[in-house]
Amino acid sequence: MQSSSQQRRLRLGLFVQPVGQHVSGWRLTENLGSPTDIDWLITLAKKAEAGTFDLFFVGDALATSMYRLPSTMARLEPLTLLSALAVNTRRIGLAATASTTFSDPFTMARAFSSLDHISRGRAAWNVVTSFSADVARNFSRDDMPNHAERYGRAREFLDVAFKLWEGWEEGAVQPDAASGRYFVDEKIQPINHQGEHFQVQGPLNITRSPQGRPVIIEAGSSADGQKLAAETAEVIFTAAASLEEAQTFYRSQKDQVVAAGRNPEHVVIMPGVMPIVGRTREEAQALWKELNSLVDIENGLRQLSLRFSMDMSQFPLDGPVPEVPLGEGNQSRVKLMTDMAKRENLTLRELAAVAAGSRGHRVIVGTAEDIADDFQLWLEQGGADGFNIMPAVMSEQLDLFVELVIPELRRRGLFHEDYEHATLRENLGLPVA
């Protein structure tokens, strides 16, 4: 596939699972790292920076029972981790997942502003709403707030955070030894927010950060999730199993951004994808086959049960996937997986293997040229602005992606040769907040 002279460039994030995104990936690596070993995580961040990834993207979960996987059972708190990575990297963006459901906006705004200062303008916040009852029980509740309440809280949470970040204007710090004045008081304002969920006086007790505010990332394909993203997100992390599905989501989300009075060019849509990279197609296919042969179906059933908010072990493994109501759980991923099951006529066993293996994201198996062809098609046909890369085996598959796929993307003019700016906002083509 040939590149055109006017084509856009891809944005690439590395979605980090320190022991590999595929549930069996850790069993095939020759250099197994620990999800709590800071030296290992620094190594991965430096590999990603050497490949000029735009983002080092750290997920999170607030309950160990959610997936029973090495990277989710034991993990470093994302903001703490990224603060350490900030002083061991120089150019790559640093994205941390943090939930609005059981957090406080003042504390969260201060923490992300701190990360933006420490990284000199490379911080991003992946805003999520928690959905598991197991999480609720870790925060003194018997059950999770309903879907509408979680998103209502999230919208107000972001409103408060934005006000806090905007409370410090440019030029608020002007040390004047002669007068003894350090701050320009009129450039630092309280917010005096009184809302349904929060009452916050402000101002924030940290100076304006290099980006004005961190880049805001959101994920979610439900109606509430798309509306919130249209109003507030700058990067959207999504899951799509086919180009047609991706195009539908892309058009819908960009239209909603316009309806919200925003520039659609200032919202970057990045589906997750697991590339299985081989020097030959046969090598890639052999790895994919081996990974799937090691899948624990019981683990897959547990993941489906948590995603679907119902016990999937009660149904026949070799029967069809049962009808699953969207309910109050993770609606976007439920729909993605049930649509996949219908489209591909999967049995429950087969869907459980997919759930455990790729965790619901698209898989591309092939050479660097195959993967570049796919990425170029999605970019040019309006399916994505970029991708969150999820290496199945860490760090072997990350190494191959950097060694083989990124040079092929550059050869086609689809990816930058090096970082062009100092801040994440600038590198993503986003305006200063």
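The values are calculated or read from the model by the stated rules, or taken from the named source; none is laboratory data. If you're wondering where the values come from, they're calculated on a predicted model, not measured in any experiment. Ideal geometry is used to build each Cβ from the backbone, glycine not excepted, and the neighbour counts take in all protein chains shown. For the accessible areas, the whole protein counts, side chains as well, though only heavy atoms, and no ligand, DNA or RNA atoms are used. Shrake-Rupley method; radii C 1.70, N 1.55, O 1.52, S 1.80 Å.
Summarising the label geometry, the points placed 7 Å from Cα in the beta-carbon direction at Ala148 and Ala286 lie 5.6 nm from one another. Placing +1 on the Cβ of every Lys and Arg and -1 on the Cβ of every Asp and Glu, with no other charges, gives the range 165-206 a dipole of roughly 140 debye about its Cα centre.
Going by a ≥ b ≥ c, the root eigenvalues of the Cα gyration tensor, does the range 71-177 fall in the rounded group (a/c under 1.5), the prolate group (a/b larger than b/c) or the oblate group? Oblate is the answer for the range 71-177, as a/c is 1.5 or above yet b/c matches or exceeds a/b. Under 18 Å from a label point set 7 Å out along the Cα-to-Cβ vector of Thr248, the amide N atoms of the range 218-241 belong to 220-227, 238-241. By the Stokes-Einstein formula, at 0.890 mPa s and 25 °C, the chain with its Kirkwood radius over alpha-carbon pairs has D equal to 110 µm²/s. Put a plus charge on the Cβ of each Lys and Arg, a minus charge on the Cβ of each Asp and Glu, and nothing anywhere else: the dipole of the range 277-433 about its Cα centre is then about 460 debye.
Assuming R0 = 22 Å, can you tell me the calculated FRET efficiency for the pair Phe315 and Asp134, based on Cβ-Cβ distance, to the nearest 0.05? Intermediate results must be reported in sequence, preceding the final value.
Details: r = 22 Å, r/R0 = 0.99.
For Phe315 and Asp134, the calculated efficiency is 0.50.
Cross-link reach is defined here as a Cα-Cα straight distance under 12 Å, omitting same-chain residues fewer than 8 places apart; for Lys335 the aspartates and glutamates meeting it are Glu245, Glu323.
Summarising the amide proton neighbourhood of Arg362: residues at separation of 5 or more, or on other chains, whose placed amide H is nearer than 5 Å comprise Ala240, Met274.
Rounded to the nearest 500, what is the chain's calculated 222 nm mean residue ellipticity when only DSSP H runs of at least 4 contribute -39500 (n - 2.57) each, over all residues? Mind showing how you got there, number by number?
Details: 16 runs with 169 residues, N = 433.
Counting only the DSSP helices, I get -11500 deg cm²/dmol.
Which residue, Val16, Ile188, Ile217, has the largest displacement toward the positive end of the dipole of the chain when charges sit on each Cβ (Lys, Arg +1; Asp, Glu -1)? Comparing the listed Cα positions along the dipole, Ile188 ranks first.
Peptides 33-39, 421-427, 125-131 ordered by packing proxy, namely the average of other Cβ atoms within 10 Å per residue, highest first: 125-131, 421-427, 33-39. Pairs exceeding 23 Å between alpha-carbon atoms, taken from Lys187/Lys227; Lys47/Lys254; Lys163/Lys227: Lys187/Lys227; Lys47/Lys254. For the range 417-433, 3J(HN,Hα) computed residue by residue from phi via the Karplus equation (6.51, -1.76, 1.60; θ = phi - 60°) reads 7, 7, 4, 9, 9, 8, 9, 4, 3, 5, 5, 8, x, 9, x, 5, 6 Hz, glycine and proline entered as x.
For the chain, the relative contact order works out to 23 percent when only alpha carbon pairs closer than 8 Å and six or more residues apart are counted. Modelled spin labels at Asn263 and Asp104, positioned 7 Å past Cα toward Cβ, are 3.7 nm from each other.
Working note: Cα gyration tensor of the range 294-415, eigenvalues times five, square-rooted, sorted largest first, giving semi-axes of 32, 16, 12 Å. Solvent exposure of the range 93-182, expressed per residue, is 42 Å² of accessible area, with all protein chains present and a 1.4 angstrom probe.
Could you check how much of the accessible area of the chain is carbon and sulfur, as a whole percent, using a 1.4 Å probe? Roughly 48 percent of what the probe reaches on the chain is carbon or sulfur.
If only the Cβ of Lys and Arg carry +1 and only the Cβ of Asp and Glu carry -1, the dipole of the chain around its Cα centre is close to 280 debye.
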